[in-house]
Amino acid sequence: AAYTVVLAGCLLVRPPASQADLRAMFMGGFFRVATMLFIAALFYHAWVGLRDILMDYVKPVGLRLALQLGVGLVLLAYLFWGISILWGVR
């Protein structure tokens, strides 16, 4: 929530005039780290929610574990994708 307030404040005080200005804002270490923390928290929240749904509604243990593994791998792939976008890793 604090990241959202800081980002909104920065955009209100000095809105970017172009895409280059927006990119420059996210090139700073603070915004990169804050965005990565936000993405990690979002994916953790998604993992907990989907895990609970699978535990409640999928009764066969093997199927549930396979689905949880699939969800976990997809979320990890998205996390690494986010890292590659933010930090320019190719």
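Suppose the chain between Leu75 and Leu37 were pulled fully straight at 0.36 nm per residue; how much longer would it get relative to their current alpha carbon spacing? Before the final figure, lay out each step's value.
On the way: separation 38, 0.36 × 38 = 13.68 nm, distance 1.44 nm.
Using 0.36 nm per residue and subtracting the Cα-Cα distance, I get 12.2 nm.
From helices alone, the chain scores -29500 deg cm²/dmol at 222 nm; the rule is -39500 (n - 2.57) for each run of n ≥ 4 DSSP H residues, then divide by the residue total. Computed from Cα atoms, the angle from the helix 2-13 axis to the main principal axis of the chain rounds to 30 degrees.
Where the only charges are on Cβ atoms (+1 Lys, Arg; -1 Asp, Glu), what is the dipole of the chain about its Cα centre, to the nearest 20 debye? Walk me through the numbers before you get to the answer.
On the way: 7 positive and 3 negative charges, 31 e Å.
Roughly 160 debye for the chain.
Suppose all protein chains stay in the model; what accessible area per residue would a 1.4 Å probe give for the range 6-73, in Å²? Before the final figure, lay out the partial values.
Values: 4850 Å² over 68 residues.
That works out to 71 Å² per residue.
The alpha carbons of the chain stretch over 54, 29, 18 Å along the principal axes, in descending order. A full extension of the chain between Trp47 and Leu63 corresponds to an added length of 4.1 nm, given 0.36 nm per residue minus the alpha carbon distance.
Overall, the accessible surface of the chain at a probe of 1.4 angstrom is composed of carbon and sulfur to the extent of 75 percent.
The values are calculated or read from the model by the stated rules, or taken from the named source; none is laboratory data. Just so it is clear, the structure is predicted and the values come from calculations on it, not from any experiment. Every residue, glycine as well, gets a Cβ built from its backbone with ideal geometry; the counts of neighbours run over all protein chains shown. Just the protein is used for accessible areas: all its heavy atoms, side chains included, with ligands, DNA and RNA removed. Shrake-Rupley method; radii C 1.70, N 1.55, O 1.52, S 1.80 Å.
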